[in-house]
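Below you'll find the structure I mean.
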Amino acid sequence: MVVYPPGTLFVGQRFQTKEQMQDAINRFHIVNHCTYKVKNSSSSRLVMECVHHDCAWRCRGILRTREQHWEIMILEGPHTCVSPLISQDHNKLGSQMIAQSIGEIIEVDPSTSISTIIAHIKSTMGYTISYKKGWLAKQHAIENIFGNWEESYNKLPGMLQAMQMYVPGFIWKLNTQPAYEGGLLDEGSLIFKRLFKVHIPCSHVLASCLHAHHDYESYISLIYTLQQVAKVYEGQFGELRHEDYWPTYTGPTLWPNPELKRTSKGPPKSTRIRTEMNIKEQHSHVKNCSYCHTPGHTRKTCPNISHGCSSRHH
C-alpha cells in the first residue's frame, strides 16, 4: 500500500485495515482543525459525517472483499465549519496516535518527561494535549518498543538462562510462588517475586561486629576484599549474544506479581512530605451560624429558621 502524507484524503484511497483508514481520517481532521462523528460502522463499512448538521462533509469507506483492502468510495465536502483557530486539544488526537509520533523519542530516552512530550505535540501538530493524554501516550510508546509488563516477565527466564550460558560464573535463582487461574492451580506458571539473594550485606555484619567488639575479618570472606574484587575485572566478560541465539526456554511461564501492580489508573500521585511549616496553628475562633450569626450551631440546625419555609431573609 502507498503511504500518504498526513492530512491526505481522497476518493479511491486504499488501506490495508479499517484502523488505518480511520487513522488517516483522524489525521485529516486534526490537520484541518475540524471533527466528525461515526454514523454507521460494521465489519465491511464505515460511514462518517460532520458533527455540524449544516456542514456538507460526508465520507464512506468499504471493505473490498476480493482485494481484501479498505477503500474510500464517497467523499463529499469540504468542511464548511473549519475554524482557523487552533484549539487546545482535539478529540480525535488519541494517545495511540501520539505514541506513534513520539516513538523515536522514547526509544532514545525512555525517561523523557511528559512536559517534553506535550511540547513536541504542540510543535508538530499544533495542539496542547493534557498531562493524562501525554502520560498514556508514553506508556503506549514504551509498550510498543519494549513490550508490555507480562511480556517482560515471560522473557526474563530465557534471558537469565542465556546469560548463564554465555557469561562464565553467572548464577541465578528466582523466588516465585504458585500461580492460580480462576481459583485453580496453574502448574505451568509461576508468579515472579524477585531474584533470590543468599548473602547478608557486609554493612550489617560490620555493624554487628562493632557492637559485639568482634573482629569482622573472621566473619567476612576474603573474596570481598578490594584485591579480590579487582581480580574480577582482570578477565574478559562474557558477551550476551542476540536474543535469536538464546537457547529455548522450556520452564514454567512467569506471571507478574499482582501485589506490585498499581490498581488506580493514570500516573502515580506524589506524596507530599509534611514538615513543621505544614502544622496549622490552633486558634480560639468560634464559627458562627451563617443565618443568624450566633455561635453554637450551623445554618442547617439553626432554630431561627422556620422549617418548611424559605431560608432566605425577608
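Please treat every number below as a calculation from the coordinates, not as lab data. None of these values were measured; they are calculated from a predicted model. Virtual Cβ from ideal backbone geometry, glycine too; neighbours counted across all protein chains shown.
Considering only the other residues whose Cβ falls under 15 Å of the Cβ of Glu67, what net charge follows from Lys and Arg at +1 and Asp and Glu at -1? Write down the numbers at each step before the final one.
Working: positive: Arg14, Lys18, Arg64, Arg66; negative: Glu71.
Value of the local net charge: +3.
Ordered by residue, what ³J(HN,Hα) values in Hz, to whole numbers, does the range 125-137 give under the Karplus form 6.51 cos²θ - 1.76 cosθ + 1.60, where θ = phi - 60° and Gly and Pro are x?
Once rounded to whole Hz, the list reads 10, x, 10, 9, 7, 7, 4, 4, 5, x, 5, 5, 5.
Quick one: Karplus J couplings for the range 61-71, per residue in order, coefficients 6.51, -1.76, 1.60, θ = phi - 60°, nearest Hz, x for Gly and Pro?
Each residue of the range 61-71 in turn: x, 10, 8, 7, 5, 6, 8, 6, 8, 9, 9 Hz.
If amide hydrogens are placed 1.01 Å from N in the peptide plane, which non-local residues have theirs closer than 5 Å to the one on Glu76?
Placed amide hydrogens put Arg58, Cys59 under 5 Å from Glu76.
If you don't mind, another one. Based solely on C-alpha atoms, express the radius of gyration and the Dmax of the range 14-76 in angstrom.
Rg then Dmax for the range 14-76, in Å: 11.6, 37.
Out of the range 4-80, which chymotrypsin sites (Phe, Trp or Tyr not before Pro) are coil in DSSP terms and have no more than 14 other C-beta atoms within 10 Å?
Phe10
Enter the mean projected area of the convex hull around the alpha-carbon atoms of the range 80-186, in nm², rounded to one decimal.
Numbers: hull surface 46.3 nm².
One quarter of the hull surface, i.e. the mean projection, equals 11.6 nm².
Here's something else I'd like to know. When we measure straight from the Cα of Lys122, which aspartates and glutamates land under 15 angstrom away, once same-chain ones fewer than 8 places off are left out?
Cα-Cα hits under 15 Å: Asp89.
In addition: Could you tell me the largest-minus-smallest coordinate of the C-alpha atoms of the range 95-146 on each of the three principal axes, in descending order and whole angstroms?
28, 17, 16
On a straight-distance basis, which aspartates and glutamates could pair with Lys18 in a cross-link, Cα separation under 13 angstrom, same-chain partners fewer than 8 positions away excluded?
Within the straight-line limit of under 13 Å, Lys18 reaches these aspartates and glutamates: Glu71.
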